[in-house]
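Below you'll find the structure, written out as structure tokens, and then a few comments.
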Amino acid sequence: MIAPDWFREDRLPHIYCTGCGNGTIINCTLAAVEEMGWKREETVFVSGIGCSSRAPGYILTDSLHTTHGRALAFATGVKMARPDLHVVVFTGDGDLAAIGGNHFIHACRRNVDMTVVCMNNHIYGMTGGQGSPTTPPGAISSTTPYGATEPAFDLAELAVAAGANYVARWTSYHVKELTKAILTGMQTPGLAFIEARTQCPTNYGRHNKLRSVSAMIEHLRSHAILIQKHDRLVAEGKPVPEGSFTVGEFVRRNRPAMGVQR
Amino acid sequence: MKLVIDESRCKGCNLCVLVCPYSIFREGTQLNSRGIVTPVLDRPERCTNCRLQALYGRMLCGVCHMICPDQAISWVEEKPFEPHKVEVEF
Ligand SMILES: Cc1ncc(C[n+]2csc(CCOP(=O)(O)OP(=O)(O)O)c2C)c(N)n1
Ligand code: SF4
Ligand code: SF4
Ligand code: SF4
Ligand SMILES: [Mg+2]
């Protein structure tokens with residue numbers, strides 16, 4: 001196992017379903033934390049509500065498992081009161097972009113110095129698979145039984161537009177790249193937003209012709225396209241593959257940030 | 001170094017089977033005492049990390065244990081005088 005000093009081994013195995021990608025994203029985040037050389041007593045994990053938001057419960061540091069959607073509000077409070085602490089937020093697509101949408105854009109605008117890892121499984125996993133703001137058009141969920149008809153949020157683009165200093169997107173298949181992105185985000189002062197697209201075999205895959213865990217991971221792998229490749233295709237006037245999404249580093253910049261320790 | 005799967009944690013998702021470049025993990029066929037079919041290891045001594053971790057002093061490859069969502073994969077030191085298997089691939 002990765003980062004044995006950071007896991008609450010007495011709490012393992014965790015409650016996640018077989019093949020749920022959330023466990024992989026915890027691995028990648030803790031690998032990055034280890035590489036940063038942070039101390040446990042100086043690191044705080046904050047989350048809202050959802051399967052993804054249960055992550056801090058498996059980590060051996062102080063943490064806040066807050067109310068649905070409010071992880072970033074609590075995290076902002078922690079960081080402003082104690083800028084000496086390293087703050088890492090685990091959140092889900094529902095937690096971050098639905099009920100917590102306003103906290104998301106304003107935390108990015110304020111550029112609060114913390115790292116936000118969003119486990120985007122395109123669904124409300126915990127409550128039985130209701131559609132979320134990232135459910136792709138056409139996808140079946142328990143609230144879109146005939147296929148989602150609304151356009152979806154692109155969380156990474158949203159964070160860029162709202163002002164975060166570092167934004168990247170990878171998937172639970174791209175473990176090395178994801179770890180590296182989280183690490184770079186932690187090293188960048190200001191808000192670092194890392195979207196990790198992940199599989200929810202139980203409540204998403206099962207209803208969307210991706211029955212097995214490997215089918216879900218294969219879907220993520222084959223639909224991810226590097227930003228540079230995407231931009232090249234667009235510049236050359238060639239079609240972008242249908243259903244693909246961009247991965248890579250969206251932005252790394254130096255806007256004024258809040259909560260950075262001097 | 002020896003590759004081991006922690007039977008008390010593995011949930012049998014077979015993500016390790018999917019990612020190992022040497023196909024060391026194979027889908028299992030037998031239920032264990034927890035009612036889970038865990039993967040079986042095919043000549044794990046071929047694993048880069050088993051062979052070279054001690055020499056390089058750091059983790060090599062390691063994608064299986066990064067992707068394992070259940071923290072079930074690790075490497076343990078062989079006991080003193082425990083016989084080592086060596087597999088040479090050409
Ligand atoms: C104020 C409030 N509203 C609704 C809920 C019910 N609820 C719990 S988790 C959840 C959705 C979580 O979705 P997401 O953040 O994507 O997490 P996932 O389970 O998919 O990881 C909802 C709506 C709640 N707990 N609190
Ligand atoms: S419901 Fe989905 S997100 Fe929640 S633990 Fe199961 S697979 Fe993971
Ligand atoms: S470390 Fe790499 S080579 Fe070794 S078992 Fe894991 S995936 Fe296979
Ligand atoms: S990835 Fe981990 S949990 Fe999944 S089958 Fe392999 S050892 Fe078991
Ligand atoms: Mg979700």
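Just a few scattered comments:
- Each residue of the range A:92-109 was assigned a 3J(HN,Hα) from its phi angle through the Karplus curve 6.51 cos²θ - 1.76 cosθ + 1.60 (θ = phi - 60°); the sequence is x, 5, x, 4, 7, 9, 8, 5, x, x, 5, 4, 4, 5, 6, 5, 5, 4 Hz, with glycine and proline shown as x.
- Summary of the geometry: the range A:74-97 and the range A:102-145, compared by the centres of their Cα atoms, lie 16 Å apart.
- Karplus 3J(HN,Hα) series, Hz, for the range B:45-52 with 6.51 cos²θ - 1.76 cosθ + 1.60 (x for Gly, Pro): 5, 7, 4, 4, 5, 4, 7, 10
- For the protein assembly as shown, share of DSSP beta bridges that run antiparallel, in % to the nearest 5: 35 percent
- Long-range amide H partners of A:Val260 with built H, under 5 Å: A:Asp113
- Only Cα pairs under 8 Å and 6+ residues apart enter the sum, and on that basis the relative contact order of the range A:158-219 stands at 31 percent.
- Across the range A:48-56, coupling constants 3J(HN,Hα) worked out from phi with the 6.51/-1.76/1.60 Karplus curve, θ = phi - 60°, read x, 10, x, 4, 4, 6, 6, 3, x Hz, and Gly and Pro carry x.
- Taking 21 Å as the limit for the C-alpha separation, the pairs B:Lys2/B:Lys85; A:Lys209/A:Lys229; A:Lys180/A:Lys238; A:Lys39/A:Lys180 exceed it in the case of A:Lys209/A:Lys229; A:Lys180/A:Lys238.
- Distance between the pseudo-spin-label points of A:Glu41 and A:Thr18 (7 Å out from Cα toward the beta carbon): 4.3 nm.
- Amide proton proximity set for A:Cys51, modelled H, under 5 Å, gap of 5+: A:Gly125, A:Met126
- As a length-normalised measure over Cα pairs under 8 Å and 6 or more apart, the relative contact order of chain A settles at 19 percent.
- Between A:Ile59 and A:Arg8, the built amide H atoms are under 5 Å apart, and every one of these is 5 or more places off in sequence or on another chain.
- Top positive-direction residue, dipole computed over chain A with Cβ charges, set A:Ile49, A:Thr24, A:Ala148: A:Ala148
- Exposure rule at most 11 other beta-carbon atoms within 10 Å, DSSP loop trypsin sites (Lys or Arg not before Pro): chain B longest free segment: B:1-57
- A DSSP coil position with no more than 16 other Cβ atoms inside 10 Å describes the following chymotrypsin sites (Phe, Trp or Tyr not before Pro) in the range A:65-151: A:Tyr146.
- Taking the 1.4 Å solvent-accessible surface of the protein assembly as shown as the whole, the part contributed by carbon and sulfur is 53%.
- Value of D in µm² per second that Stokes-Einstein yields for the protein assembly as shown, Kirkwood Rh from Cα pairs, at 25 °C (0.890 mPa s): 117 µm²/s
The values are calculated or read from the model by the stated rules, or taken from the named source; none is laboratory data. As the structure is a computational prediction, the values presented were derived from the model and not from experiment. Positions of Cβ are generated from backbone atoms using ideal geometry, with glycine treated the same way; all protein chains shown enter the neighbour counts. These accessible areas exclude ligands, DNA and RNA; they are computed on the full protein's heavy atoms, side chains included. Shrake-Rupley method; radii C 1.70, N 1.55, O 1.52, S 1.80 Å.
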